[in-house]
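*Asks:* Handing you this structure, nothing more for now.
The values are calculated or read from the model by the stated rules, or taken from the named source; none is laboratory data. Please read all numbers here as calculations on a predicted model, not as lab measurements. Reconstructed Cβ throughout: ideal geometry from the backbone, glycine too, with neighbour counts over all protein chains shown.
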Amino acid sequence: MPFLLIGLSACEYAKSFLTIDQGDAEDPYFISGTKEEQDKLKTYFTLLASEAGSPSTEGLSTVRPKPEARPEVRDSREQFTLVREIANSYVRMKEYSKLINFLSSRVHQNQDDFYAPYYLFMIAYAYQQMDAYPMAALYFDMIVKNYHDLTVMGKSIHLACLNQLIVLVDNPLQREWYYEELISRFLDQIDPGPSYFMLGQACEGTGAWNNAIKAYAQYLPYAGSNVPGFPNADNYAKQLVDFNNSAKDWTFENLNNLVNAVKNALDNGLSNRLWQYHAKVNFFTRTWEQEDAGEAGVAGHVDFDLSDFMRGNRIRYAETLDLSSTANEAYLRTWGWSQYISTWYLYFRKIYFPLDPEIHGRWEWAGIYYGEKF
C-alpha cells in the first residue's frame, strides 16, 4: 500500500518528520551499514549525547494542543537536526526496525517531548514500509487521539494521520470518527465531496441512519465529485435523500398486493389508478440497452399520462412474474402499449430503508423497462 504524503515526496517527508533518541555511539546494534555510514552514525550519536538541549521550536507550531497536557519544548534545534540525520541514515539503509527501536525509546524516556508526535508518526511510517499495516494504523490512531497536533512546512501531522487511517482501517465505527474529524477540522484542506459521501457510508455501517442521510445531503452540493469505488455516488446519495424526504405513501406491504393492484388497474383500463401506484421519487424509465450500458435513463419524477398509451388498447400481462425475479426485485411483462414499443416490463423492488422500520421491507413499483428482455 503506497504511503500517502502531505505535500512532500516520500523521502522528503520521512526526513522532515524523523527524530531519534540519544544512543550509544559504540552500540553495535545501532551502528550499521558501510564503513562510511558507521562513521557518520558514531559522529552523530556523539554530538547528540553532548547537546545540552536548549528549548527551541523554530519552524514548528502546535495546532489545537490539549490545555491540560501542553508539552514542554525541551529539544534544541541542533538536537533535532542531528536526530534527523541519524534517522535519514536508517531510512536510506531501510533499517526500519532500528528506526522503530530508537524512536520508541525516545518517546518512552521523554513522554512529554514536544516532538513525540513526530516520533510516533515515523514509527507508523516505518511499520508501513514493513507491510505491518495494523501496527501502522495503531500508531496513527494514537497520535490523533492522544497527542497535540504539529505542523511542518504548513502541513498538519493529524491531517496526515487521518488520511492514512481512512485507507488502513475498515471498521465502520472508527471510520465514522475519522471522517468526522477530517470534516470538522480540515474541511478547507480536503475534497469535501468524497469525505461527506464516505462519512455516509461509515454511518450506514454503524446503523446511524439519521447521520448517514445528513451526510449524503451534505454531499449533494458536491455532486460530480470523484468518489473512488463509487461511480454512482450521485444517484445513490440523491435517491436516499429524496426517498427520506418523501411521503412514501405509494408503497405496498408485500409484492403480491402490489402486483395484484397493478393487474386489477390494467384489467379495468384505469390509467389514473395505475399511475397512483408508481414511486413518486426515484422512478425510472429506460430501455434494456440503457441498463446494459449503465445509463440511468429518466429518473426522479416521471411526468407522463398513461391514458395516452392505454386509450383504445387492451394491455395484457403475463400470469406470472418473469423468471429473473428474485426475493428483492421482480419484473412483470406487459404488452399492447404502443405500436412503436408494445412490450413494457414493470419493475418492482423491495425497499431498503432501515431508518424507518415501517417502510423497510415494503414494495414499490420503481420503474419501466421498454422492449423485450434480452
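*Asks:* Being loosely packed, with under 13 Cβ neighbours inside 10 Å and among the charged types (D, E, K, R) is the filter here; which residues of region 339-358 pass it?
*Replies:* Correct list: Glu358 only.
*Asks:* Of all residues in region 145-175 being β-branched (Val, Ile, Thr) and at pLDDT 95 or above, which is surrounded by the most Cβ atoms within 10 Å (Cβ to Cβ)?
*Replies:* Restricting to residues being β-branched (Val, Ile, Thr) and at pLDDT 95 or above, the top hit is Ile157.
*Asks:* In this structure, does Ala279 turn out to be under 38 Å from the mean Cα position of the chain (by Cα) and modelled with pLDDT under 95?
*Replies:* Numbers: under 38 Å from the mean Cα position of the chain (by Cα): yes; modelled with pLDDT under 95: no.
It is false that Ala279 is under 38 Å from the mean Cα position of the chain (by Cα) and modelled with pLDDT under 95.
*Asks:* Further, regarding this structure: Any residue at all in region 336-344 that is assigned to a loop (DSSP other than H, G, I, E, B), in contact with a helix residue (DSSP H, G or I) (Cβ under 8 Å, 6 or more places away or on another chain) and of a type in the set (S, T, N, Q)?
*Replies:* Checked against the condition, which is being assigned to a loop (DSSP other than H, G, I, E, B), in contact with a helix residue (DSSP H, G or I) (Cβ under 8 Å, 6 or more places away or on another chain) and of a type in the set (S, T, N, Q), region 336-344 yields at least one hit.
*Asks:* What residue, among those in region 317-331 that are part of a loop (DSSP other than H, G, I, E, B) and of a type in the set (D, E, K, R), is surrounded by the fewest Cβ atoms within 10 Å (Cβ to Cβ)?
*Replies:* Restricting to residues being part of a loop (DSSP other than H, G, I, E, B) and of a type in the set (D, E, K, R), the top hit is Glu319.
*Asks:* I need the full set of residues from region 126-157 which are hydrophobic (A, V, I, L, M, F, W, C) and touching a Pro at 6+ places or on another chain (Cβ under 8 Å), in order please.
*Replies:* The answer is Ile143, Leu150, Ile157.
*Asks:* Got at least one residue in region 180-191 being buried (at least 20 other Cβ atoms within 10 Å of the Cβ), part of a helix (DSSP H, G or I) and assigned by TED's automatic domain parsing to the domain that holds Pro221? Give the steps one after another, and end with the answer.
*Replies:* Going through region 180-191, the residues buried (at least 20 other Cβ atoms within 10 Å of the Cβ) turn out to be 182.
Among the residues that remain, those that are also part of a helix (DSSP H, G or I) are: 182.
Cutting the leftovers down to assigned by TED's automatic domain parsing to the domain that holds Pro221 gives us 182.
Within region 180-191 (the criterion being buried (at least 20 other Cβ atoms within 10 Å of the Cβ), part of a helix (DSSP H, G or I) and assigned by TED's automatic domain parsing to the domain that holds Pro221), the answer is yes, since at least one residue qualifies.
*Asks:* Could you tell me which of the residues Met135, Met122, Met142 is closer than 29 Å to Glu37 by Cβ, at pLDDT 95 or above and in a helix (DSSP H, G or I)? Spell out how you get there, then give the answer.
*Replies:* Values: Met122 fails: at pLDDT 95 or above; Met142 fails: closer than 29 Å to Glu37 by Cβ.
So the residue among Met135, Met122, Met142 that is closer than 29 Å to Glu37 by Cβ, at pLDDT 95 or above and in a helix (DSSP H, G or I) is Met135.
*Asks:* Can I ask one more? Kindly list, by first and then second residue, each pair from a residue in region 346-374 that is without any contact (Cβ under 8 Å) to a residue 24 or more places away in the chain to a residue that is surrounded by 17 or more Cβ atoms within 10 Å (Cβ to Cβ) and outside any strand (DSSP E or B), limited to pairs with Cβ atoms under 7 Å and residues at least 6 apart or on different chains.
*Replies:* From region 346-374, the pairs are His360/Ile351; His360/Phe353; Gly361/Ile351.
*Asks:* Against the definition (hydrophobic (A, V, I, L, M, F, W, C), modelled with pLDDT of 95 or more and over 26 Å from Asn163 (Cβ atoms)), how does Leu220 come out, yes or no?
*Replies:* So Leu220 does not fit the description; no.
*Asks:* Sticking with this one: Here is a list of conditions, (1) assigned to a helix (DSSP H, G or I); (2) modelled with pLDDT of 95 or more, and Phe230 meets all of them except one; can you say which number that is?
*Replies:* Going through the list (1) assigned to a helix (DSSP H, G or I); (2) modelled with pLDDT of 95 or more, Phe230 breaks only (1).
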